[in-house]
Amino acid sequence: MRASVPSRAALACALACTILFSACHRHARILEVAYVSAPQVNLRDRVAAVFNKVGLVKNGERVEVLDHDRHFVRVRSASGSEGWMEQRYLVNEKVYDQIQELTQNSKNNPVQGQGTTRSGTNLHVEPGRDAEHLYQLAQGEKVSLLKRSTAEKPGSVAAPSRSKAKAGENKEPTPILEDWWLVRDSQARVGWVLARMVDLDVPLDVAQYAEGQRIVAFFVLDEVSDGDKKVPQYLTLLTEPKDGLPFDFNQIRVFTWNVRHHRYETAYRERLPGMLPVTLAQENFDKEGTLPTFSIQVQDGSGNVAPRKYKLNTPIVRRVLAPGEVAGKRR
């Protein structure tokens with residue numbers, strides 16, 4: 001019986017040390033708060049070539065940073081798991097706050113179209129490949145398009161034109177510009193994505209009339225009855241099929257449904273440089289009744305933007321002039 005006393009004391013001491021060690025880890029000083037920017041990352045028990053997995057953190061998850069070791073950090077996840085992960089898979093609280101501010105500021109932006117991601121892509125806080133990002137979108141994810149912008153493509157310049165080369169002009173190289181979209185995903189997360197990474201979900205019946213132009217945005221103006229089905233009528237905005245243009249679109253087209261021939265037809269077409277957003281409404285026009293309207297933002301030669309409204313009284317589209325406004329020559 002006497003021999004067992006030291007063993008019990010040693011066991012109690014070891015247990016107390018374990019509890020104390022665990023408590024110290026639970027109350028380790030938090031160096032900073034960070035967020036996971038990769039799809040998912042395994043937490044490891046040590047910084048070494050051989051390690052054990054002790055947890056898993058996912059994209060957008062908040063973690064507490066407890067320690068640093070070269071390119072690794074020790075973190076604690078929301079579930080309480082602790083382990084090491086690479087620093088490059090984390091962004092700081094400033095980036096998270098920027099995403100939240102961007103989401104808040106764009107919550108009332110009118111949707112300019114729906115799209116689908118071609119492959120996995122990042123939601124950046126600003127237009128540009130080098131801009132910080134937090135969330136990642138998977139391939140095939142549906143997004144709402146809110147706003148277009150442009151940014152320089154890092155490390156690339158446009159080739160000089162032949163006319164300049166012949167003249168022997170020495171000019172600074174022109175950077176290549178890329179189009180970017182501000183998008184909102186199915187989880188209401190907002191950020192900038194490279195425009196070429198998103199395909200616009202334009203109905204094929206309308207997309208086939210693009211005539212080599214790029215459809216930038218599309219809207220359902222109203223619906224008409226054809227037998228026992230309802231068919232939408234569309235406004236589309238188009239532009240030249242290249243990035244970096246100083247306007248969002250340079251052509252508008254309205255497609256109405258011909259009930260007799262059961263097909264779409266171009267009811268209206270106009271060329272003019274314009275900027276997003278486009279807004280839709282319903283308005284009463286006395287004898288014509290309540291009609292769908294759309295307002296676009298037209299850009300003049302000096303870069304100034306002014307609104308312009310149209311109404312659709314199927315199949316006729318006409319300008320709606322503001323008081324004192326005089327219609328200019330249509331192009």
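The values are calculated or read from the model by the stated rules, or taken from the named source; none is laboratory data. Being a predicted model, the structure only gives us computed values, none of them experimental. With ideal geometry, Cβ positions are generated from the backbone for all residues, glycine too; neighbour counts draw on all protein chains shown. Surface accessibility is based on the protein's heavy atoms, side chains included, excluding ligands, DNA and RNA. Shrake-Rupley method; radii C 1.70, N 1.55, O 1.52, S 1.80 Å.
Using a 1.4 angstrom probe on the protein heavy atoms only, line up GLU240, GLU61 by accessible area, largest first.
If we order GLU240, GLU61 from most to least accessible, we get GLU240, GLU61.
For the cross-link pairs LYS107/LYS230; LYS142/LYS242; LYS153/LYS242, which exceed 19 Å when the distance is taken from alpha carbon to alpha carbon?
LYS107/LYS230; LYS142/LYS242, as the Cα separations exceed 19 Å there.
For the pair ARG62 and ASN42, what calculated FRET efficiency results from E = 1/(1 + (r/R0)^6), where r is the Cβ-Cβ distance and R0 = 22 Å, to the nearest 0.05? Could the numbers behind the result be given before it?
Details: r = 18 Å, r/R0 = 0.80.
Here the calculated transfer efficiency is 0.80.
Suppose the chain between LYS107 and THR174 were pulled fully straight at 0.36 nm per residue; how much longer would it get relative to their current alpha carbon spacing?
20.6 nm
Quick check: the angle from helix 4-26's long axis to the longest principal axis of the chain, C-alpha only, nearest 10 degrees?
Orientation of helix 4-26: about 20 degrees from the principal axis.
In degrees from 0 to 90, rounded to the nearest 10, what is the angle of the helix 93-105 Cα long axis to the longest principal axis of the chain?
For 93-105 against the chain, the angle is about 30 degrees.
Using just the helices of the chain, give the 222 nm mean residue ellipticity in deg cm²/dmol: DSSP H runs with n ≥ 4 each add -39,500 (n - 2.57), and the total is spread over all residues, rounded to 500. Could the numbers behind the result be given before it?
On the way: 4 runs with 46 residues, N = 331.
The helix contribution divided over the chain gives -4500 deg cm²/dmol.
Please list, in chain and number order, the residues 5+ apart from THR279 or on another chain whose amide H is under 5 Å from its amide H, with Hs placed from the backbone.
Sorted by chain and number, the residues that satisfy this are SER295.
Given a 1.4 angstrom probe, I'd like the percentage of the accessible area of the chain that is carbon and sulfur, rounded to a whole number.
Roughly 51 percent of what the probe reaches on the chain is carbon or sulfur.
Rounded to the nearest 10 Å², what accessible area does LEU204 have for a 1.4 Å probe in the complete protein model?
It works out to around 140 Å².
Roughly how many Å² is the accessible area per residue of segment 64-124, as a whole number, for a 1.4 Å probe?
Heavy-atom accessible area per residue stands at 53 Å².
Count the net charge of all other residues whose Cβ sits under 11 Å from the Cβ of GLU288, scoring Lys and Arg as +1 and Asp and Glu as -1.
Working: positive: LYS287, LYS311, ARG318; negative: GLU283, ASP286.
Residues near GLU288 contribute +1 overall.
Taking the structure as given and computing P(r) over Cα pairs in 20 Å bins from 0, in percent, which label from (i) 23, 41, 24, 9, 3, 0; (ii) 32, 56, 12, 0; (iii) 31, 52, 14, 3, 0 fits?
The value matching this structure is (i).
Counting only residues 5 or more places away or on other chains, whose amide H sits under 5 Å from the amide H of THR174 once H atoms are built in the peptide plane?
Counting only residues 5 or more places away or on other chains, the set is ALA158.
Give the peptides 113-125, 277-289 in descending order of average Cβ contacts within 10 Å, highest first.
Highest mean packing first, the order is 113-125, 277-289.
Please tell me the relative contact order of the chain in percent, rounded to the nearest whole number, where contacts are Cα pairs under 8 Å and at least six residues apart.
10 percent
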